[in-house]
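Have a look at the structure below, then the notes.
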Amino acid sequence: MAILIDGKELAARKREEIAKETKELAEKTGTTPGLAVVIVGDDPASQTYVRNKAKACEEVGFYSEVVSLPANTSQRDLLKVIAELNERIDIDGILVQLPLPKHINEKAVIGKISPKKDVDGFTPSNAGKVLIGSPKFAPCTPAGIMELVKSTGINIEGKHCVVVGRSNIVGKPVAMMMLHENATVTVCHSHTANLKGFTSKADILIAAVGKAGFITGDMVKEGAVVIDVGINRNDEGKLCGDVNFEQVEPKAGFITPVPGGVGPMTITMLLKNTLDAALYFTEEREKIRKKKN
Ligand code: GUN
């Protein structure tokens, strides 16, 4: 039987620290970290994610603003909204909820976000910093995964980490972050031949494919650390991950549940990045003030 990695509990502890630091920042400088979340269209899953992000901001004492735009918003208008948010002094972090409607070029939009406010860590410069091992804003889901794996107490160094999924949001950055912790990393994807041959050798298995129950018991090594990034609905409409929990749990050494695993940590890392951005801007403003005096 696996030990459950309680993402909810770990997230709650970290959010308490963030709330404390936020209070101290407000008392010292009068600054409140501010996050703007931009959502285009009315995808119900995206709306839920955005609501959860705004609620989490409120709970730790941040200012948050949801900019909700209709599905037919032009790319030009969206870029204008981002340009305005880039300039606003009360906004430290900007997040554009993905996916965007098909007529909008995602890369162009992300590229418009100021890297100093890119709390998702998706801009090319921040993604590049993850690649070279000195992240400014680590992307939230991969950063949360690293915290969850570290919370097990296992030593990542020398372990074989297999990542299933190669998205820019999760698969690629988490592979880089594992590599920087001296894991031996294999990235598998939809074209991988003999997937089971790879997954069954993983000491650490990260499933980020977006298919309900995709990782079955026979694909997992005895005692492995299994991180389930998936948020899917099964045929009965029940929330479930990419891992077939019933089959994998008896074999794994550690496993994250869905819900209550990666999800709460993703939002927590977003809060941390937003606080870091606010601390950076506060310091910069202080430097300018001192120079003037
Ligand atoms: N859509 C799914 N996950 C994410 C995320 O981490 N950030 C953003 N901006 N959109 C997402």
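Only the coordinates and a few stated rules stand behind these numbers; no lab work does. Just so it is clear, the model here is predicted, and its values are computed rather than measured. All Cβ positions, glycine included, derive from the backbone under ideal geometry; neighbour counts span all protein chains shown.
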**Item:** Inter-label distance for Asn72 and Ile154, nm, one decimal - labels placed 7 Å from Cα along Cα-to-Cβ
**Value:** 5.2
**Request:** Would you please give the FRET efficiency between Asn293 and Glu58, computed as 1/(1 + (r/R0)^6) with r the Cβ-Cβ distance and R0 = 30 Å, to the nearest 0.05?
**Result:** 0.25
**Message:** Can you give me the angle between helix 262-292 and the longest principal axis of the chain, using Cα atoms only, in degrees from 0 to 90, rounded to the nearest 10?
**Reply:** 30
**Request:** Could you work out the mean projected area of the convex hull around the alpha carbons of segment 154-293, in square nanometres to one decimal?
**Result:** 10.8
**Message:** Can you give the FRET efficiency to the nearest 0.05 for Thr192 and Glu246, using r as the Cβ-Cβ distance and R₀ = 22 Å?
**Reply:** 0.35
**Message:** Need the list of aspartates and glutamates near Lys55 for cross-linking: C-alpha distance under 13 angstrom, and skip anything on the same chain fewer than eight residues off.
**Reply:** Glu65
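For the chain, what is the mean residue ellipticity at 222 nm derived from helices alone (per DSSP H run of n ≥ 4: -39500 (n - 2.57); sum divided by total residues; nearest 500 deg cm²/dmol)? Display every interim value, and only then the final one.
Details: 10 runs with 130 residues, N = 293.
So the helix-based figure for the chain works out to -14000 deg cm²/dmol.
In nm, what is the difference between 0.36 nm times the number of residues separating Glu87 and Lys28 and their Cα-Cα distance? List each step's numbers first, then the result.
Details: separation 59, 0.36 × 59 = 21.24 nm, distance 2.37 nm.
Taking 0.36 nm per residue and subtracting the Cα distance, the gain is 18.9 nm.
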**Request:** Could you check how many percent of all C-alpha pairs in segment 60-210 are farther apart than 21 Å?
**Result:** 52
**Request:** Treat segment 1-139 as a sphere of radius equal to its Kirkwood radius over Cα pairs and apply Stokes-Einstein at 20 °C in a medium of 1.002 mPa s; give the translational diffusion coefficient in µm²/s, rounded to a whole number.
**Result:** 131
**Helix axis angle, 44-60 relative to the chain longest principal axis, alpha carbon, degrees** = 60
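State the percent of C-alpha pairs, over all pairs in the chain, separated by a distance greater than 24 angstrom. Don't skip to the end; give the middle numbers.
Working: 22559 of 42778 pairs.
Summing the P(r) tail past 24 Å for the chain gives 53 percent.
Can you tell me the relative contact order of segment 1-75? Whole percent, Cα pairs under 8 Å, sequence separation 6 or more. Don't jump to the answer; show the numbers that get you there.
Numbers: 69 pairs, mean separation 26.0, N = 75.
Once divided by the residue count of segment 1-75, the mean separation gives 35 percent.
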**Message:** Quick check for me: using +1 on Lys/Arg Cβ and -1 on Asp/Glu Cβ, what's the dipole size of segment 237-293 about its Cα centre, in debye to the nearest 20?
**Reply:** 620
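Do the alpha carbons of any pairs in Lys159/Lys272; Lys20/Lys201; Lys14/Lys291; Lys129/Lys251; Lys23/Lys159 sit beyond 31 Å of each other, and which pairs? Walk me through the intermediate numbers first.
Values: Lys159/Lys272 28 Å; Lys20/Lys201 42 Å; Lys14/Lys291 35 Å; Lys129/Lys251 36 Å; Lys23/Lys159 39 Å.
Beyond 31 Å between Cα atoms: Lys20/Lys201; Lys14/Lys291; Lys129/Lys251; Lys23/Lys159.
How high is the FRET efficiency from Glu284 to Ser134, r the C-beta distance, R0 25 Å, rounded to 0.05? Display every interim value, and only then the final one.
Working: r = 19 Å, r/R0 = 0.78.
That gives a FRET efficiency of 0.80.
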**Prompt:** Label Thr216 and Lys102 with points 7 Å out from Cα along Cα→Cβ: what is the distance between them in nm?
**Reply:** 3.3
**Asked** So how tilted is helix 7-29 from the main axis of the chain? Cα-based, degrees 0 to 90, rounded to 10.
**Response** 10
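Taking segment 27-127, which trypsin sites (Lys or Arg not before Pro) meet the DSSP loop condition and have no more than 12 other C-beta atoms within 10 Å? Spell out each step's value before the answer.
Numbers: sites: Lys28, Arg51, Lys53, Lys55, Arg76, Lys80, Arg88, Lys102, Lys107, Lys112, Lys116, Lys117; in loops: Arg88, Lys102, Lys116, Lys117.
Here the trypsin sites (Lys or Arg not before Pro) that fit, given the DSSP loop and packing criteria, are Lys102.
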**Request:** Calculate the spin-label point distance for Ser46 paired with Arg233, positioning each point 7 Å from the Cα along the beta-carbon direction, and give it in nanometres.
**Result:** 1.7
